[in-house]
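See below for the structure under consideration.
The values are calculated or read from the model by the stated rules, or taken from the named source; none is laboratory data. Small disclaimer: the values here were computed from a predicted structure and weren't measured. In this analysis, Cβ positions are derived from the backbone assuming ideal geometry, glycine residues included, and neighbour counts consider all displayed protein chains.
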Amino acid sequence: MNSKKNFKELLGQVKAFVFDVDGVFTDGTVVLHPSGELLRTSNTRDGYAVHVAVERGFPVAIISGGKSESVRQRFQGLGVTDIYLGINDKLEALDDFRFKYGLELSDILYMGDDLPDYEAMQRVGIPTCPRDAAPEIKQISLYISSFDGGKGCVRDVIEQVLRLNGKWGPSTYALQ
């Protein structure tokens, strides 16, 4: 992690995004459906930002300990192809993702919210988290969003990176 530069300076080196799901795209609340499926709600603006990032050429990975096929379907619908579900070792999935795209760890912005993300977040160039993340995650994050998990934190970081790179604005509306 490069803590000598500030967050805004580091945004210029972002070439890819990695996100946890529960607590990042969701507020961490799950509803138990009689079928056994865990139902989650997510912020549509976060989803839109992911879609724009993918359309603008940024690799996006989802790395989650959860195994829900509805999560896979949601992200596939947004154009994400690198979806790692049921992952116990997030570092291994992170390495698989970065090697696939020839990325350095310093090229990656990772947003996580809890201890399963800790080790992977310590390795990337730009560790970030939602406002309501676990204290240990906040401590290692270069940026803490002003938004909670499931309430726009993903959009927050993606929009900042894309704006800096001239890839965000009204023209992205056509991508919906």
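What the table below lists for this structure:
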read-out: Residue check, F58 buried (at least 17 other Cβ atoms within 10 Å of the Cβ), more than 17 Å from V157 (Cα to Cα), among the aromatic types (F, W, Y) and within 16 Å of the chain's Cα centre (by Cα); value: no
read-out: Given (1) surrounded by 19 or more Cβ atoms within 10 Å (Cβ to Cβ); (2) out of contact with any Phe, Trp or Tyr (no Cβ under 7 Å at 6 or more places or on another chain); (3) in a helix (DSSP H, G or I); (4) at pLDDT 95 or above, number of the condition Y110 does not satisfy; value: (3)
read-out: The listed residue being within 23 Å of L38 (Cβ to Cβ), of a type in the set (K, R) and touching a strand residue (DSSP E or B) at 6+ places or on another chain (Cβ under 9 Å), out of K151, K90, K138; value: K90
read-out: D156, sole failed condition from (1) crowded, with 17+ Cβ neighbours inside 10 Å; (2) in a helix (DSSP H, G or I); (3) in contact (Cβ under 8 Å) with a residue 24 or more places away in the chain; value: (3)
read-out: Hits in region 12-44 (condition: among the basic types (K, R) and either in contact with a Pro (Cβ under 7 Å, 6 or more places away or on another chain) or at pLDDT 95 or above (or both)); value: K15
read-out: The listed residue being free of Cβ contacts under 8 Å to residues at least 24 places away in the same chain and surrounded by fewer than 12 Cβ atoms within 10 Å (Cβ to Cβ), out of G12, G77; value: G77
read-out: Test result for V124, touching a helix residue (DSSP H, G or I) at 6+ places or on another chain (Cβ under 6 Å), on the phi < 0 side of the Ramachandran plot, at pLDDT 95 or above and buried (at least 19 other Cβ atoms within 10 Å of the Cβ); value: yes
read-out: Region 113-150: number of residues that are part of a helix (DSSP H, G or I) and out of contact with any Leu (no Cβ under 7 Å at 6 or more places or on another chain); value: 11
read-out: Odd one out for S146 among (1) over 21 Å from E9 (Cα atoms); (2) exposed (fewer than 15 other Cβ atoms within 10 Å of the Cβ); (3) among the small types (G, A, S); value: (1)
read-out: Flag if R72 is over 20 Å from L105 (Cβ atoms) and either in contact with a strand residue (DSSP E or B) (Cβ under 9 Å, 6 or more places away or on another chain) or exposed (fewer than 14 other Cβ atoms within 10 Å of the Cβ) (or both); value: yes
read-out: Only listed residue being of a type outside the set (F, W, Y) and closer than 22 Å to C153 by Cβ, chosen from G102, G36, G86, G65; value: G65
